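Enquirer: Please read through the structure below; I'll follow up with questions.
Bear in mind that the values in this text are calculations on the coordinates, not laboratory data. Note that the coordinates shown come from a computational prediction; the quantities given were computed from them, not determined experimentally. Please note: Cβ atoms are built from the backbone with ideal geometry, for glycine as well, and neighbour counts cover all protein chains shown.
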Amino acid sequence: MKSLFDTKIEGNHLTLKFKGKVTLYHVAKYDKILNRLTTTSVKNVTIDLENVSYLDTTAAIFIYNIEKKFSSKEVTLKCDNQNYLSTLALVKSNISNYKEYATPQEITPLEKVGKCFYEYYAGFIAFVEFFGKLFATHLNYLTSLKNIRYKEIAFEINESAIKALGIVALTSFLIGLVIAYQSAYQLKLYGANIYIVDMLGISIFRELAPVITAIVIAGRSGSAFTAQIGSMKITQEIDAMRTMGFEPFAFLVLPRILALMITMPILIFVADIMAILGGMIVANIDLSISPELFLDRLSRVVAAKHFFVGIAKGPFFAFLIASIGIYRGLIVKDDTQSIGFNTTKSVVEAIFAVIVCDAIFSIAFTNLGI
Amino acid sequence: MQLIEVKNVVTAFGDRVVHDGLNLSINEGEIYGLLGPSGCGKTTLLREMVMLQECTSGSINILGKDISKIRERDAQQLRREWGVLFQFGALFSSLNIAQNIALPLKEYTSLSQKMINEIVAFKLNLVGLNPSDSKLYPSEISGGMKKKAGLARALAMDPKLLFLDEPTSGLDPISAKEFDALILNLRSMLGLTVVMVTHDLRSIYDTLDRVAIIDNKKIAYEGTLDEITSVQSEFIQTFFSEKA
């Protein structure tokens, strides 16, 4: 194929001849050809556009660059098509406008570290502010039973708790199964088969069921809170509510927190039942402890306080999960990336907060002798 | 030459019929307007033209290709030859303005980074954005700026065909006027064909060569603006009476 871009050097005269369509698909190739030329001895340059059938703006920028490159030499443009000339003129007038624009300075590592820490600090302050506002609205709204939004709470109970029953039950059943299976193997070595009941009872009621439930709920409902409220923020629904005088804290925040605080103990109760069921099945198969014997021993050796300690943790975990999820939703910025980022953060932070809270409870209860 | 030909297009969402046999044709080098009351399916028709949605029956020909039976490779080729400006810009929020405009250039051409930067700066200038804004992300700019950046992105590949969905809504009158002038300018210089959905009477009179008015699921009128007020249609009478 014949090249559509001819370069010819005669003495001190360079001719650049373009033919056919000159578009952004051709420019890169022509640029390479042009860069290979040795043009030190050239005095005049002719750019010939007479046989060009189509010239787009990229090509016009390219031609402008050629003119600029040879600005110390004498450049003549051979072109009689008015459209191409006006495209070139358009490029020229627009390019001269942004000459003065300089790239912003790079920031130093120290500045970066400072900025990063400041952002963490500002984030923490914002979270404290959120808590303050939450308590203030709490007080404001719970002064009268009339102010409680029962419908929203009921809706949220269904959405974030009742629909989660299945997954909570299945997860805790499997956890009970696995824990029992692993400990049965160890206990058999010592012939201490019957102690599996004590072990499972205390570990499940006190720690496993509440924490597993909280983690499942953080992953399932906490993330949903962030995503829901975050998208409402992007579509300006929250702004709309504010201008209409509906306080988002009363309409969106409190119902979710209350719903989760009410249902968390119930979910933990279900988790208790399912985990013990899982343990009981393994004890029956692996250690031949009959269900009657298992339940009989369970009621004798595991004090009711262990069960109540586990249940009592529920509302605290629920509060942490819901408030972190909602807080993360409310700080979503006006772009889609922000939703994903904050949803991830909300789940990670909620699980972390639940485990820290659980550790504090564990130490406090043990020292109090409960 | 006809660049776009819409023949007997029927669109229905479930039982709800939006278009009941639309026919229209758009010539090369024309600035063509799709007008009509809210909810009449202007944007739906535009979406069907750019292959975001399929019509229930009928055919749409673009640049000589029937897009209901198009092969994927041809479709991909076609997509490079048009630029689309969405109503709210639809910029990619993970990229800044410069990266948004550079994206098609990077993906589809072998241009050097330096050249791409120059093209980006030129397009930004062309649509009236300051190149110093190019490092901002879509979440940090106003609606009008998003629109201008969206146009710059649509123009990045120097398309033959430009689809605009309400290009001047949300712009201040001066920007809107500049926008109209820019469209006219681009058309005369680059031979663009422009299809736009608009409600802005001023840009309708300033820019459009021909219009199609969709009303009551049908084309109520297709042609130039000169004879429009003689058409018996409630929408046309009300809409154009201000000026007439």
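Quick grid of which residues meet (1) among the polar types (S, T, N, Q); (2) under 25 Å from B:Ala176 (Cβ atoms):
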{"site": "B:Ile67", "(1), (2)": "no, no"}
{"site": "B:Glu72", "(1), (2)": "no, no"}
{"site": "B:Gly89", "(1), (2)": "no, yes"}
{"site": "B:Thr109", "(1), (2)": "yes, no"}
{"site": "B:Ser112", "(1), (2)": "yes, no"}
{"site": "B:Glu118", "(1), (2)": "no, no"}
{"site": "B:Lys123", "(1), (2)": "no, yes"}
{"site": "B:Val127", "(1), (2)": "no, yes"}
{"site": "B:Lys146", "(1), (2)": "no, yes"}
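Enquirer: Among the residues of the range B:189-218, which ones are assigned to a loop (DSSP other than H, G, I, E, B) and not basic (Lys, Arg)?
Expert: Across the range B:189-218, the qualifying residues are B:Gly191, B:Leu192, B:Thr198, B:His199, B:Asp200, B:Leu208, B:Asp209, B:Asn216.
Enquirer: Answer yes or no as to whether A:Met274 is farther than 30 Å from A:Asn193 by Cα and assigned to a helix (DSSP H, G or I). Step through it out loud before you land on a result.
Expert: Values: farther than 30 Å from A:Asn193 by Cα: no; assigned to a helix (DSSP H, G or I): yes.
Taking the combined requirement at face value, the residue does not satisfy it.
Enquirer: Oh, and also: Scan the range B:187-204 for residues that are within 14 Å of another protein chain (Cβ to nearest Cβ), free of Cβ contacts under 8 Å to residues at least 40 places away in the same chain and not polar (S, T, N, Q) and jot them down.
Expert: The first filter runs over the range B:187-204 and keeps only residues within 14 Å of another protein chain (Cβ to nearest Cβ), leaving B:187-192.
Now narrow it down to the ones that are free of Cβ contacts under 8 Å to residues at least 40 places away in the same chain: B:188-190.
Hits for the range B:187-204 are B:Met189, B:Leu190.
Enquirer: Condition test on B:Lys146, is it in contact (Cβ under 8 Å) with a residue 12 or more places away in the chain, within 23 Å of A:Ile234 (Cα to Cα), surrounded by 15 or more Cβ atoms within 10 Å (Cβ to Cβ) and within 13 Å of chain A (Cβ to nearest Cβ)?
Expert: Details: in contact (Cβ under 8 Å) with a residue 12 or more places away in the chain: yes; within 23 Å of A:Ile234 (Cα to Cα): yes; surrounded by 15 or more Cβ atoms within 10 Å (Cβ to Cβ): yes; within 13 Å of chain A (Cβ to nearest Cβ): yes.
Against the criterion (in contact (Cβ under 8 Å) with a residue 12 or more places away in the chain, within 23 Å of A:Ile234 (Cα to Cα), surrounded by 15 or more Cβ atoms within 10 Å (Cβ to Cβ) and within 13 Å of chain A (Cβ to nearest Cβ)), B:Lys146 qualifies.
Enquirer: Let me confirm something: among B:Ser94, B:Ser110, B:Ser68, which residue is away from every other protein chain (no Cβ under 12 Å) and not basic (Lys, Arg)?
Expert: B:Ser68
Enquirer: Ok, one more. Please determine, by comparing only the residues of the range A:67-82 that are more than 50 Å from the chain's Cα centre (by Cα) and either in a helix (DSSP H, G or I) or among the β-branched types (Val, Ile, Thr) (or both), which one is nearest to the other protein chains (Cβ to nearest Cβ). Working first, answer last.
Expert: In the first step, residues of the range A:67-82 are kept if they are more than 50 Å from the chain's Cα centre (by Cα); the result is A:70-82.
Still in the running and either in a helix (DSSP H, G or I) or among the β-branched types (Val, Ile, Thr) (or both): A:75-76, A:82.
Values: A:Val75: 19, A:Thr76: 22, A:Gln82: 9 Å.
Per the criteria, the residue is A:Gln82.
Enquirer: If a residue has to be part of a strand (DSSP E or B) and surrounded by fewer than 18 Cβ atoms within 10 Å (Cβ to Cβ) to count, how many in the range A:43-66 make the cut?
Expert: So the answer is 7.
Enquirer: While we're looking at this one, here's another question. Here are some conditions: (1) in a helix (DSSP H, G or I); (2) surrounded by fewer than 19 Cβ atoms within 10 Å (Cβ to Cβ). A:Gly245 meets all but one. Which one does it not meet?
Expert: (1)
Enquirer: Select from the range B:113-133 the residues that are more than 9 Å from chain A (Cβ to nearest Cβ) and more than 20 Å from A:Ala59 (Cα to Cα) and write down the one among them that is farthest from the chain's Cα centre (by Cα).
Expert: Per the stated criteria, the residue is B:Asp133.
Enquirer: Out of A:Ile339, A:Ile326, A:Ile321, A:Ile360, I need the residue that is within 14 Å of chain B (Cβ to nearest Cβ) and in a helix (DSSP H, G or I). Which one? Explain how you work it out, then say what you get.
Expert: Working: A:Ile326 fails: within 14 Å of chain B (Cβ to nearest Cβ); A:Ile321 fails: within 14 Å of chain B (Cβ to nearest Cβ); A:Ile360 fails: within 14 Å of chain B (Cβ to nearest Cβ).
A:Ile339 is the lone residue from the list that is within 14 Å of chain B (Cβ to nearest Cβ) and in a helix (DSSP H, G or I).
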